[in-house]
Structure formats: C-alpha cells, structure tokens
Amino acid sequence: MKKRTLQELYEEQEQINSSYMDVNSLQKQLYLENQKRLQKENEEKEEQLKNDGDEVKQVDEKINLCFPVGKFCLNHLSQYPKEEKQPHILSFINIIQENAFQDIQKEKPKITLEAALMTCYGFEDHLLKPLVLSGVKLFIINDNDNNDKKLEIIEEFNGHQNWTVIKPSKLSSITFGGSFHPKIWILKFPKFIRIVIGSQNLHVGDWTVWSQAMWIQDFQIGNSELDEISKDFKVGLKEFLDNILPNSHKFEDLLKIKYNDYDFQNINIRLITSIPGRFTGNQMNKYGMMRIQSVINSELKSNNIDIPKQVSITYQTTSIGQLDINYIDFVQQCCSGQQIKVTQKLQQNNKSIAQMLFNQQEEEKSILKLIYPTSDYIQNQTSAGPEYANPLFLRKQQYENPKFPKNIFYRYQGSNYYYWHAGNIPHLKVMIITGLDEKIDDKASIYIGSHNLSQAAWGRLEKNATQLFISNTELGVLYPPKKDSAKLKQSIIEQMSFKFPPDKYEKTDQPWISEVYYEQQI
C-alpha cells in the first residue's frame, strides 16, 4: 500500500468524523423519540390512577432476549462496508439498544436503557453525552490518572445530574503503579440486564477505528437452579464488582437492581479476573494466569480429557510488558493446565524458579506465538495509518534488551474469512490455546478480555512460587476445554478480525514501536 499524503490522511479522518457524526445525529433523534415516549407513559399512568383503586393484575410477558446465551462479538469499524452486515459485528449504538440487531437507521427504536455502569481505561464525552441526554443514568469507572491517586467521585459530571465518574483509589503500594484496565458494562433495561466483557474502551476511536472483541449475554429476572459453572460466574462477578467500587457506591445501589434476582443460567465461559495484591495458598488460583491454569485443569478433568504435555499458545496482544524465557515458561505451563509444583529436591539444589517449575525435556516444550503488528503493517497497510496506532505499546529499550524473546513474534494481519478486516488496527486481546497442530477442537481454549501479555496484568510468582503478585486490575472470559465445544470455538476463530494461524515475522520485519517511528519523522 502506498504512503498517503497529509491531505489524504486528513480526508480519511474527515470520513471517520462524518461516520460518527451520523451516529450522533441519530442519537439526537432517538433522544427526542424517547422524550415523547416518556411523556406518553406519564399520561397513561395518570389516566390509570384516575380509574378505580382496584389492584392491577400483572401479566407476565415472554421476554425475547438478544443474547440468551453468551455471544462473541466484534465492534463495527468505519472501514467496514455498510452493505455487508454480520450478526457478530455490532456498533456502540446497537449494543445499548434493547434489540441489538435491528437496523437503527431505518427503524429508529425507542431508548429503553435505564442505567449503565461502564468501566474503562479512558473515555470521551463526545461518545457518551448523547446517552446522558437521553435520560440514561450513567456511571463511568475509569482509571485513576490523578497525581495523588486518591479515590475521586465526580457527581453531576460536566453538569449532568445523571452522570457520575468514579476513579478508584491507587494509594496502596501494590496498586500505585498498576493500571485499572477492565472493560465491563452492565446495562439495565426494564426487564433484564446486559453484561458486556471485552477490550472496549469509551473513546470514539474504540468504535470507529480500533478492532475490539467482546462477550455479551442478557440476564432476566428468575430463579432457575444454576449449575456449578453458572454459580461460579455469578459469585465471581459480584466479588469483582464489589472489589473495584468503593463501599459508598455499590453497583447494586447505583443501578437500583437486586443482583440475586437475576437468572444467571446458560453460562458458556469462565470468568478470568486480576486484582492487585499478593496471594498465597488457594487464593493464588483465583486470579490472573494461575486462574487460567486452575480453570483449564478442572475443565479437562471434569470432561475426561487428558492433560496435554505440550500446547501451542497464540497470543494476540496490543501492549507488551517485560518478558523473558522464565515468564514465557510460566505462561506455557499454566495454559497447559498442568499443576505447578516445586519439589524439595530442586529447592535444595538452589535452582531458579523457572527451573523448579519447568524441568521438562526439550522435546516437551510448548510454543508461544505472539501476534503483534509490524512497523510496515501500521505504516503501509492499515486504513487509518500511524496516527491512530496509539493503542499499540512496546518500548524500544525493552525490545532491544538482549534477553527479550524476539523469536516469538508473529504478524498481525486481517482475517482471511472476511475481506473487510484487511488493514484494521487492533485493540482486542485474544489468547488461543491448542495442541501443537493448532487444531480447534474440544481441548482448545479461547480467552478474550482486557489482559495484555504482561506480568502486571497476569501476575508473577514470588517466594519460590508460593506467592502470586499482580499489580493491574483486569477482566476477561475463557471458553475452556469442554466436550462438544469445537464447533462454537471454530466459529469464534472464523469471526476474529485477525488471521489464525499467524505468519511468523520475516528477517526484515520489525515490530511497531511508536517512539522509533516518530524519531524517524524528525
């Protein structure tokens, strides 16, 4: 692809802006429609009160949920053709509608969303203001970028009574340098809640330029008997939400819901959380990479599937932390589901943690493939260009370190299944765990969420592998090993915005490093 002139880049940006302005104009129309609806409802209520005081009989209505079972979705980018619509590709406006699949441009549906809690690592007023103007009670939980890192609660944000921004405290020594990085939405509709977990932030670019991956499911009022997987999700999600919010602002109070009233059935994933702290004993298995190990191990056993000696891990990431051979071994061991043990003999021999954990023969080694865009891809193949590559992060000094594992890099390329993914810029974070043949079968696992490949996000072992240290707050979901799950996982792979299996870096390929690019522009 030829390099664009500044004028061409300007025109492309104008197209992106125009695309979003169309969306914004539509939300204004929806707002006016919503005001009419509210006025009509108030009139109907007043008329009802004028009638006799007899008890009103409520008739249960069957609720048609868009996501009765968790669904993998991508966001709709400006570069995608309007005439090509897929049910797994949704816009910001579609997701916040009760019927997420209707044609909003043609049908102009009423806004029934009552309240929304959204966590993020940055947001823009321009994206969210139409939602607030529609009367939705909005609660944004954002990373704390204040110098003092103290808890900050901003009521009536920007003068809007129904908009609150909360920045969780980072005063402890553990969290001070860590990132608040989860992306979860809880959308409250009149008869159900919608939960969205993925990589999506709340900038305009997150919904026009950068590819995102999400898991979405709707939950209505009910009290079905839950299986162990559904119970685990329900309990784990509440623990996570209680952990990230201050005691003065519990999520149930903000959204005016009773969490236990909702029916958390049909869960097809396992929740993967990271919270800042140092964990020992059984607590280690609740968070980060050790949670991955624990879930895969338990699912393999419960489904009578042998624990593999080797796995192939394909990790598509947009930010890369400190990596070395020891940490890669740790990731590989966890993703295989093998129990991590430290033997007394090895301790006496004073071996390193990596040697204690991974005393494997060379032929038994697992494989890690790290998908990350090349500099050429960003400069010459993307639709938006280098000016929009800010979600990608790799330090020059880090990459040039002799101990940095450069041999694990693989190219980020658009998927072969849908041509319009060509040239997209990623912000999704995906981990695909298979056998060495990279076949998507019942044993395969797929992770999507907010975790980049870093020790801060996933945690690192300390004190001879008896303690797990995590500094970030993260959230994602794992499609684990399970019988009769291959078809679902294969469909997810085909819906991804990037190519799998990936192609290895050529000798001349260099990863995208923004500081290198801008040094060359001087």
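The values are calculated or read from the model by the stated rules, or taken from the named source; none is laboratory data. The structure displayed is predicted, hence computed values, not measured ones. Positions of Cβ are backbone-derived with ideal geometry, glycine not excepted, and every protein chain shown enters the neighbour counts. For accessibility, only protein heavy atoms count, side chains too; no ligands or nucleic acids. Shrake-Rupley method; radii C 1.70, N 1.55, O 1.52, S 1.80 Å.
If you take the residues of segment 218-255 that are under 21 Å from His181 (Cα atoms) and polar (S, T, N, Q), which of them is nearest to the chain's Cα centre (by Cα)? Among those residues, the one meeting the criterion is Asn243.
Look at segment 498-513: where a residue is surrounded by fewer than 19 Cβ atoms within 10 Å (Cβ to Cβ) and a partner is acidic (Asp, Glu) and at pLDDT 95 or above, sitting 6+ places away or on another chain with Cβ atoms under 9 Å, you get Pro501/Glu438; Thr508/Asp376; Asp509/Asp376; Gln510/Asp376.
Which is at pLDDT 95 or above, over 27 Å from the mean Cα position of the chain (by Cα) and polar (S, T, N, Q), of Asn304, Asn285, Asn380, Asn349? Don't jump to the end; show me each part of the working.
Values: Asn304 fails: at pLDDT 95 or above; Asn285 fails: over 27 Å from the mean Cα position of the chain (by Cα); Asn349 fails: at pLDDT 95 or above.
The match here is Asn380.
Here the condition is being open to solvent by 20 Å² or more (accessible area, probe 1.4 Å), of a type in the set (Gly, Ala, Ser) and farther than 24 Å from Phe92 by Cα; of Ser230, Ser224, it holds for Ser224 alone. Taking the conditions exactly as written (touching a residue at least 60 places away in the same chain (Cβ under 8 Å), part of a helix (DSSP H, G or I) and either open to solvent by less than 40 Å² (accessible area, probe 1.4 Å) or of a type in the set (Val, Ile, Thr) (or both)), does Asp218 satisfy them or not? In short, no. Among the residues of segment 111-157, just one is modelled with pLDDT under 95, among the polar types (S, T, N, Q), open to solvent by less than 20 Å² (accessible area, probe 1.4 Å) and in contact with a Lys or Arg (Cβ under 7 Å, 6 or more places away or on another chain), namely Asn144.
Within segment 392-421, the residues that satisfy the criterion of being over 18 Å from Asp329 (Cα atoms), of a type in the set (D, E, K, R) and assigned to a loop (DSSP other than H, G, I, E, B) are Arg395, Arg411. Being in contact with a strand residue (DSSP E or B) (Cβ under 6 Å, 6 or more places away or on another chain) and at negative phi: is that true of Tyr517 here? So Tyr517 fails the test. If the condition is being of a type in the set (A, V, I, L, M) and either touching a Gly at 6+ places or on another chain (Cβ under 9 Å) or surrounded by fewer than 20 Cβ atoms within 10 Å (Cβ to Cβ) (or both), then segment 292-316 contributes Ile292, Val295, Ile296, Leu300, Ile305, Ile307, Val311. Scanning segment 161-207 for residues being charged (D, E, K, R), part of a strand (DSSP E or B) and open to solvent by less than 10 Å² (accessible area, probe 1.4 Å) gives a total of 1. For segment 452-461, the criterion of being surrounded by fewer than 22 Cβ atoms within 10 Å (Cβ to Cβ) and of a type outside the set (S, T, N, Q) is met by at least one residue.
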